[in-house]
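Asks: Supplied in structure tokens, the structure appears directly below.
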Amino acid sequence: MKAKEIDISKFSSIVEFNDFFDASFLELGHNRSRIKSLVKFRDQVHLKLDKEKAQFEIDYAIFDFERQEFFPLLSKASNKPEKVCSYENLTVEAKKEFDYLLERANSSTNTLFKAHYFHLLWRCPSKLRRREYAEKAIAYYFLGLDEVLRKLRSVDDEFILNLIGNQFSALVALTSDIKTETSNLERVFKDLLENNTNIPFYEKDHLITIALKKPKILTKESFKVALNVYEKEFFEIGKTDDSLLIEYHYIPNAKTLCKKLGLSERKWINLQGEFHLNYVKTQKKNSWFLSNYLRKAISCFKASKNEILLSESETLFREIKKKVNLPTRRVLLTREKNKGLFECRDQSIALAKELISIKSSEIIFLRIIGGVDYPSAKQINDNYQKLYPDFFRTFTTIFFDINNNPMQGADDIDLQFMKMKLYQLELDFMTLPYLDTIIEEGIKNKTLTAEEIISFITEKTWIGHPFTVSDSDDEAHELSWIPLISPSIKEYFNQRIIKIENPDYKTDFILCIDSLTTKFEGLIRYFLEQREYSISKTVTTRVEQMNLNNLLESEGFKKLFNQDDQLLFEYLFSGNGGLDIRNNVAHCFYHDGHYTSDKMLLLISALLRLGKYTFSSREDK
């Protein structure tokens, strides 16, 4: 029975309306039919009291027990709903709504409504609730569930199935709330799963999901029955449809049940891998998103120790990875449409030329150290989340590294990528043209040379200070960072000078980038050690030195380095949206096209900005 089939005009009072729906609720086909009828009745009825009570009924009907903590009744003191409030402190209207709710709980002839009303009474502000309300709600929910199951035997209806889930969910919540005995709930749970063949698998899964939210109120015996539901569906019937539910819901539930029962999850993990692999096999075209399914299949088969399917998946993965060709979309900025942005960049480039004309390399280095021409960490942190609309959270994101290996995203990973891309956008458009102009013009008028930078680092930063190390024989040796970093800087300037002298020359920044990149881990580790921060970590049975990523996440780095410098280093050396230079260099993932002047400019900038800090103690900071 749909709302449009109900003639509201035949009801002269709220009593007649309630009597009709008390008697015919299970015939409606959907709870919305009653709510729509209530709205029509409220709008058409003339008697103020009936109109008021109709609105109360609407409030009761739309209350969400899962999302709303308590039924909202207005307090006189604040004129808003309060979690703690006595009857005396309710507003006049709130008292009327509470009184009517209590009246309906006692007078309704519909078992389902009585359960709902008593449940609402239990969810009223704390000084209004009584344990007896919860106990009565539980009793009526059990009775209501029996009625619904009898109805299901004669009518295969989605509305009835939804009622089963709602009734069971309410029973689980109330039983947990008042910590009452659970034998009846267990009996009903097992009966619903074992003896009601007209309840489809997806609804049984829903009931199991509800039970797993409050696992302490059910015994292992109940969970065995629940696991058998999945065993039968997948290993006897051979369910293969609903791939998304299988991956994200059904199999995870089965694995959770195995954990609770102390059983191995291996066959479920293997089954998950089979679904991923079979999906790839059924696709006619190789596509970039298939590599992510194979990534998941490989992970599953490794965990389940299925060597045959693991080998097959890895072979397919290698084949598909070669064919990954991600679609791209360029964002074109033009002077005509983005006049303000280009004017800012022109001013930045003009400033670079002006600085070079002063012929003071130290002023240039100090300005780079200050970071005023780089993206502001505060502005990036304040704005990057705005570029990630809420509807993106409903999608699955997949990221590919430099080798076309896929990584599935998540909200935190997606946001990190967004942050890095926003930072990169500003670097590429504003900062790097400025730095390139500094180098180009500085070389041309001999204001900037490799020797000038090396001299500044040697004389003005801690990097130039000699340091002492002891060997295994306890002999001291004086060392310096300068011989380690100088060759890369000299090589970079040599390449730029040759290019200026011969525009047709193809520059090669491989040596300088490879050399300088690998020094940063040692430089940062040494600096943090001098500042008396930990630079090691414990891994199972051994202690080992932190790698670069560990150092950038360490307490010392976070405390000692300002936000702008942290963001620059994060961009240069992190893997989630950043350049990940150190990893790509160390593992030979770069080809010659990846070695660019821009990367070297950022590395030199990072070196200068690293050198501005001092070895003063924690207390002096």
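Asks: Counting just the residues of segment 9-28 that are part of a helix (DSSP H, G or I) and within 11 Å of F41 (Cβ to Cβ), which one comes out modelled with the lowest pLDDT?
Replies: Looking at the filtered set, the residue picked out is S9.
Asks: Here's another thing I want to ask about it. Pick from K378, K337: which is exposed (fewer than 12 other Cβ atoms within 10 Å of the Cβ) and outside any helix (DSSP H, G or I)?
Replies: Being exposed (fewer than 12 other Cβ atoms within 10 Å of the Cβ) and outside any helix (DSSP H, G or I) holds for just one of K378, K337, which is K337.
Asks: Related question: Go through E441, E452 for me and flag whichever is of a type in the set (D, E), out of contact with any Pro (no Cβ under 7 Å at 6 or more places or on another chain) and within 23 Å of Y613 (Cα to Cα).
Replies: Among E441, E452, only E452 is of a type in the set (D, E), out of contact with any Pro (no Cβ under 7 Å at 6 or more places or on another chain) and within 23 Å of Y613 (Cα to Cα).
Asks: Let me ask you something else. May I ask you to verify whether Y384 is of a type in the set (F, W, Y), within 30 Å of S291 (Cα to Cα) and open to solvent by 30 Å² or more (accessible area, probe 1.4 Å)?
Replies: yes
Asks: Among the candidates D514, D508, which residue alone is open to solvent by less than 60 Å² (accessible area, probe 1.4 Å) and not hydroxyl-bearing (S, T, Y)?
Replies: D514 is the lone residue from the list that is open to solvent by less than 60 Å² (accessible area, probe 1.4 Å) and not hydroxyl-bearing (S, T, Y).
Asks: Can you name the residue in segment 537-549 that is in contact with a strand residue (DSSP E or B) (Cβ under 6 Å, 6 or more places away or on another chain) and surrounded by fewer than 20 Cβ atoms within 10 Å (Cβ to Cβ) and, of all such residues, is nearest to L422 (Cα to Cα)?
Replies: Q545
Asks: Could you grab me the full set of residues in segment 387-429 that are of a type in the set (K, R) and either open to solvent by 40 Å² or more (accessible area, probe 1.4 Å) or not in a helix (DSSP H, G or I) (or both)?
Replies: R393, K421 - these are the residues of segment 387-429 that are of a type in the set (K, R) and either open to solvent by 40 Å² or more (accessible area, probe 1.4 Å) or not in a helix (DSSP H, G or I) (or both).
Okay, residues lined up against (1) within 27 Å of F223 (Cβ to Cβ); (2) modelled with pLDDT of 95 or more; (3) open to solvent by 60 Å² or more (accessible area, probe 1.4 Å):
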| position | (1), (2), (3) |
| --- | --- |
| L257 | yes, yes, no |
| N278 | no, no, yes |
| N306 | yes, yes, no |
| R330 | no, no, yes |
| F342 | no, no, no |
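Asks: Still on this structure, I have one more. For E441, are the conditions met, namely being within 22 Å of L355 (Cα to Cα), open to solvent by 20 Å² or more (accessible area, probe 1.4 Å), assigned to a helix (DSSP H, G or I) and without any contact (Cβ under 8 Å) to a residue 40 or more places away in the chain?
Replies: The answer is no for E441.
Asks: Here is a follow-up. Could you say whether any residue in segment 474-481 is open to solvent by 70 Å² or more (accessible area, probe 1.4 Å) and under 44 Å from the mean Cα position of the chain (by Cα)?
Replies: Within segment 474-481, not a single residue is open to solvent by 70 Å² or more (accessible area, probe 1.4 Å) and under 44 Å from the mean Cα position of the chain (by Cα).
Asks: At least 3 residues that are under 18 Å from H119 (Cα atoms) and modelled with pLDDT under 95 in each: list the helices (runs of 4 or more DSSP H) lying fully within segment 132-234 that qualify.
Replies: Fully inside segment 132-234 and qualifying: 158-178.
Asks: Among the residues of segment 322-380 satisfying the criterion of being under 32 Å from the mean Cα position of the chain (by Cα) and small (G, A, S), which is nearest to A450 (Cα to Cα)?
Replies: G371
Asks: Over 22 Å from Q495 (Cα atoms), over 27 Å from the mean Cα position of the chain (by Cα) and in contact (Cβ under 8 Å) with a residue 60 or more places away in the chain: which single residue out of Y595, Y590, Y613 fits that description?
Replies: One residue alone meets the criteria, Y613.
Asks: Could you grab me the full set of residues in segment 57-104 that are under 20 Å from E132 (Cβ atoms), in contact with a strand residue (DSSP E or B) (Cβ under 8 Å, 6 or more places away or on another chain) and part of a helix (DSSP H, G or I)?
Replies: Listed by number, the list holds a single entry, F98.
Asks: Regarding R295, is this residue more than 27 Å from the chain's Cα centre (by Cα), surrounded by fewer than 20 Cβ atoms within 10 Å (Cβ to Cβ) and not in a loop (DSSP other than H, G, I, E, B)?
Replies: In short, no.
Asks: Filter segment 559-590 for residues that are over 20 Å from F399 (Cβ atoms) and outside any helix (DSSP H, G or I); which is least open to solvent (accessible area, probe 1.4 Å)?
Replies: F561
Asks: Next question. With the checklist (1) surrounded by 12 or more Cβ atoms within 10 Å (Cβ to Cβ); (2) modelled with pLDDT under 90 in hand, flag the one item Q55 doesn't pass.
Replies: (2)
Asks: Let me ask something else. Could you look through segment 591-621, keep only residues that are acidic (D, E) and touching a helix residue (DSSP H, G or I) at 6+ places or on another chain (Cβ under 9 Å), and pick out the one that is surrounded by the fewest Cβ atoms within 10 Å (Cβ to Cβ)?
Replies: D592
Asks: Follow-up. Could we say that I363 is assigned to a helix (DSSP H, G or I) and in contact with a Leu (Cβ under 7 Å, 6 or more places away or on another chain) here?
Replies: For I363, the condition - assigned to a helix (DSSP H, G or I) and in contact with a Leu (Cβ under 7 Å, 6 or more places away or on another chain) - is met.
Asks: If you scan segment 195-213, which residues turn out to be over 16 Å from L161 (Cα atoms) and either open to solvent by 10 Å² or more (accessible area, probe 1.4 Å) or in contact with a Lys or Arg (Cβ under 6 Å, 6 or more places away or on another chain) (or both)?
Replies: Across segment 195-213, the qualifying residues are L212, K213.
Asks: Which pairs have Cβ atoms under 7 Å, sit 6 or more apart or on different chains, and link a residue in segment 158-180 that is of a type in the set (D, E) to one that is in a helix (DSSP H, G or I)?
Replies: D177/A134
Asks: Going by the structure shown, is K490 open to solvent by 50 Å² or more (accessible area, probe 1.4 Å), modelled with pLDDT of 80 or more and basic (K, R)?
Replies: So K490 passes the test.
Asks: OK, next. Checking the conditions here, which among E158, E186 is under 23 Å from V229 (Cβ atoms) and open to solvent by 70 Å² or more (accessible area, probe 1.4 Å)?
Replies: None of the other options fit; the residue is E158.
Asks: Pairs under 7 Å by beta carbon, first residue of a type in the set (A, V, I, L, M) in segment 554-566, partner open to solvent by less than 60 Å² (accessible area, probe 1.4 Å), six or more apart or different chains?
Replies: Note: pairs meeting the criteria are L560/R531; L560/Y613.
Asks: Quickly run through segment 524-536 and pick out the residues that are surrounded by fewer than 19 Cβ atoms within 10 Å (Cβ to Cβ), in a helix (DSSP H, G or I) and touching a residue at least 60 places away in the same chain (Cβ under 8 Å).
Replies: Result: Q530, single match.
Asks: Consider segment 579-597. How many of its residues are more than 16 Å from N550 (Cβ to Cβ) and of a type in the set (D, E)?
Replies: The total comes to 1.
Asks: Can you tell me which residue within segment 308-321, out of those that are under 19 Å from I398 (Cα atoms) and free of Cβ contacts under 8 Å to residues at least 60 places away in the same chain, is surrounded by the most Cβ atoms within 10 Å (Cβ to Cβ)?
Replies: Filtering segment 308-321 for residues that are under 19 Å from I398 (Cα atoms) and free of Cβ contacts under 8 Å to residues at least 60 places away in the same chain, the one surrounded by the most Cβ atoms within 10 Å (Cβ to Cβ) comes out as S313.
The values are calculated or read from the model by the stated rules, or taken from the named source; none is laboratory data. Since this is a predicted model, take the numbers as computed values, not measurements. FYI the Cβ positions are ideal-geometry reconstructions off the backbone, even for glycines, and counts take in every protein chain you see. Accessible surface is based on the protein model in full, side chains and every heavy atom, while ligands, DNA and RNA are left aside. Shrake-Rupley method; radii C 1.70, N 1.55, O 1.52, S 1.80 Å.
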